[in-house]
1. P(r) tail for the stretch A:44-269, what percent of Cα pairs lie past 20 Å?
2. Taking 30 Å² as the minimum loss, tell me which residues in the stretch B:64-91 lose that much accessible area going from the chain by itself to the full protein complex (1.4 Å probe).
3. Please compute, for peptide A:180-193, the average count of beta-carbon atoms on other protein chains lying within 10 Å of each residue's beta-carbon.
4. Can you give the angle from 0 to 90° between the axis of helix A:72-81 and the longest principal axis of chain A, with both taken from C-alpha atoms, to the nearest 10?
5. Going through the cross-link list A:41/A:192; A:97/A:252; A:205/B:80; A:169/A:205, which pairs have a Cα-Cα distance over 30 Å in this structure?
6. Please name whichever of A:13, A:74, A:23 sits farthest to the positive end of the charge dipole of the stretch A:10-89, dipole taken about the Cα centre and charges placed at Cβ: Lys and Arg +1, Asp and Glu -1.
7. Give, as a single signed number, the net charge of other residues whose beta carbon lies under 9 Å from the beta carbon of residue A:191, with Lys and Arg counted +1 and Asp and Glu -1.
8. Pull up all non-local amide H partners of residue B:87: gap of 5 or more, or a different chain, and H-to-H distance under 5 Å with H placed in the peptide plane.
Amino acid sequence: MISRRRFLIIAGSATGAVLLGSSQLEKALASARSESSDPSKPLWGMIVDVDQCTECMNQLVAETGNPDPKPECALACDRENNVPEFREKKWDPQWFKMLKVRSNLEGSEYLWVPLLCNHCRHAPCAQVCPTKATFVREDGIIMIDYHRCIGCRYCMIACPYNARNFNFKEPLDGLTEINPETDRRGHGVVEKCHFCVHRVDRAVKEGVNPTPACVEACQKEAEKRGFEKSALIFGNINDPNSEIGKIIRTSKAKQLRPSLGTEPKVYYVNL
Amino acid sequence: MYSTKWVILLIIAFLGICFSPLIYNVSAPGFELEMPELDEPEGDHCIEDADWMEPNHMDLLLEMRTQTIRDPGGRFYESKTYPGEVYEGTTYQCFECHTSKTDFCDTCHEYNGVSPYCWHCHNTPEVLEEYNR
């Protein structure tokens, strides 16, 4: 027979444990459900206008006669971040790729879609990295600590956007000019786009809007070709008054492969 | 103690083997005890006190590298010796004053027998000169 004293102790502690557990659970669920949107805490993202990209690329193809030309934005990325250039595609790291896609239907036209690291909110690459070399930075940029990367390429398998590149060859062999302000990568690490994080950090310190190298090149190219606006827009998603914040909140900006739940911060319009 | 003679002889032989690398290096031709002469950097002062930097620069670099990569505002480092002066966490910043890696970094590192792997990826003035001619 259980004594009254013992019964009260057990019943009381059980009730307490249930109450404590449920309140904690509720808190955790609430924080997971709502994304913080404090404009002063930036969350960097990008918008790509596929129509503009297709028009620019079609003009470029007509000008050069090359069926797969490298546009000014990709070249600017290579120059800015010392991305090496190798003739064989399987060894050539590219942070900013142009994909030529079209639907299966007869008579459909080709679209040129830029593909870069999508900087997912729930990044699969960061989840699988065994050394914590890849991680989601506070401002939403997916960074690789090249010092910690062991080159296991788990992240390349995990990435649903094929945005990651492995340095199979010594990058110095594929470079003709080096930007002194950024580093190169070593032989045997994985590399990818980081939204020109050095530019972002500098711009935040100076209090201006950051422009990655590809966005800057796109603006120049759009001006040269006489387009109304540039195809790439970079900015703070959390700020509802920024250009990118307005477009995401008011138009049908799409994410790539949304069914996977990775929640990319690179959005596509007119795709 | 039994067999004192042999024990002492063996101790001396053991110490001799232990110190053989030192003895070999000291007696090698071209051995000098002087500290290596470093290239005089440009600019007024280093980002921290130069006497502090000499033994501690590697710890500072490690700290700065982690902050620069992991912390959104961590790219900019404020000097503790010279308050108000802000430096960017890149090796490019170092080479603005220390214009040569061979005459500055390597001289000391070779003397101490250390080979840091910074330069597999970070650009040195020598590499830049070779590629950006």
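The values are calculated or read from the model by the stated rules, or taken from the named source; none is laboratory data. On a predicted model such as this, the values are computed, not experimentally measured, just so you know. FYI the Cβ positions are ideal-geometry reconstructions off the backbone, even for glycines, and counts take in every protein chain you see. Heads up: the accessible areas ignore ligands, DNA and RNA and are worked out on the full protein's heavy atoms, side chains in. Shrake-Rupley method; radii C 1.70, N 1.55, O 1.52, S 1.80 Å.
1. Numbers: 15472 of 25425 pairs.
Of all Cα-Cα distances in the stretch A:44-269, 61 percent exceed 20 Å.
2. B:65, B:69, B:70, B:72, B:75, B:76, B:88
3. Mean shielding by partner chains, rounded to a whole number: 3.
4. 60 degrees
5. A:169/A:205
6. A:13
7. +3
8. Residues meeting the amide H criterion: B:77, B:78, B:79.
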